[in-house]
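Participant: I'd like to ask some things about the structure below.
The numbers here are math on the coordinates, done by the rules we state, and not lab data. Treat the numbers as computed from the prediction; the structure is a model and nothing was measured. Heads up, the Cβs are rebuilt from the backbone with ideal geometry, glycines too, and the neighbour counts pull from every protein chain shown.
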Amino acid sequence: MLTLPNFLTLARIVAVPAFLIFLTGGHYAAALALFLLAGITDAIDGALARALNSKSAVGASLDPLADKLLVVSSFLSLTWYGVLPVWLFILVATRDVVILAGYLALYFFAKPMEVAPSGISKVNTFFGMLTIGFALLTLARPELPMTAFNQALWYVTAGTTTLSGLHYVYTGLLWVQGYGTETK
C-alpha cells in the first residue's frame, strides 16, 4: 500500500530529473525552489511516518535512495558547473562508494547489516544539503556576496563527510568482528 510518507519520498525521486533539467537549463531559481521543496518533503515524510505510525521497509529503503539521488546528482552537477570544488565532490562520492561497497561485501560475504543512518550521517546530510542550497542560491542570485560563507560550508561538509565515512567503516568492521564468521 502506498502511504503518504512513501508517496512524498517517491515524489522526491521523481523530482530529481526535473531539478537537473532546471539546473542544466540555467533556471537556477526554479532549481533552488525544487531543491528546497525536496528538502522540506524529506523532513515531512519522516515526521508523517512517525506520527501516522506508517513506517515501512519500503520507506526505509526509498528515503535514503531519494536523498542520495538528489545529493549526488546535485554535487556532480554543481561541480561540473564550477560552483563546488572538485575535491569536495570526490570526497562525497568516495564516501558513498565506500559505504555501498562495504554494505555489499557484508551482504555477500558475511551477515548483512541493518541499514540505518547514524547521527553523524544525519548531520552530514544536513550540511551537504546546506552546501548545495547555498551553491544554488549563489547561481540564482550571483550579486550576493556568498564566497566566504560557501567556502566555510565546503570545509564543514568535508569534515562531516569524513567523520561519517569513518564511522560507517568502523561500524562495519565491528559488525565483521561480531558476525564475520557466520555465513548467510
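Participant: For ASP63, ASP45, which order do you get if you count the other beta carbons within 10 Å of each Cβ and list the fewest first?
Facilitator: Least crowded to most crowded, the residues run ASP63, ASP45.
Participant: What's the exposure ranking of VAL97, VAL83, going from fewest to most Cβ atoms within 10 Å?
Facilitator: By the 10 Å Cβ count, ascending: VAL97, VAL83.
Participant: A further question on this structure: In nm, to one decimal, how far is the modelled label at HIS167 from the one at PHE109, with both set 7 Å along Cα→Cβ?
Facilitator: So the two model labels end up 2.5 nm from each other.
Participant: So what's the net charge close to ALA49: Lys and Arg +1, Asp and Glu -1, counting the other residues with Cβ under 12 Å from its Cβ? Before the final figure, lay out the partial values.
Facilitator: On the way: positive: ARG50, LYS55; negative: ASP42, ASP45, ASP63.
Cβ neighbours under 12 Å give a net charge of -1.
Participant: OK, next. What does the extension gain come out to for ASN150 and ALA33, with contour length at 0.36 nm per residue minus their alpha carbon separation?
Facilitator: That works out to 40.3 nm of additional length.
Participant: Please name which of PRO17, PRO85, ALA105 has its Cα lying farthest along the dipole of the chain towards the positive end, using unit charges on Cβ (Lys, Arg +1; Asp, Glu -1) and the Cα centre as origin.
Facilitator: Of the candidates, ALA105 comes out farthest on the positive side.
Participant: List the chymotrypsin sites (Phe, Trp or Tyr not before Pro) in the stretch 48-153 that DSSP assigns to loop (not H, G, I, E or B) and whose Cβ has at most 14 other Cβ atoms within 10 Å. Which are they?
Facilitator: Here the chymotrypsin sites (Phe, Trp or Tyr not before Pro) that fit, given the DSSP loop and packing criteria, are TYR81.
Participant: Just rank LEU37, LEU137, fewest to most, by other beta-carbon atoms within 10 angstrom.
Facilitator: Lowest count first: LEU37, LEU137.
Participant: Now, a different point. Placing +1 at every Lys and Arg Cβ and -1 at every Asp and Glu Cβ, with all other atoms neutral, what dipole size does the chain have around its Cα centre, in debye to the nearest 20?
Facilitator: Using Cβ point charges on Lys, Arg, Asp and Glu, the chain gives about 120 debye.
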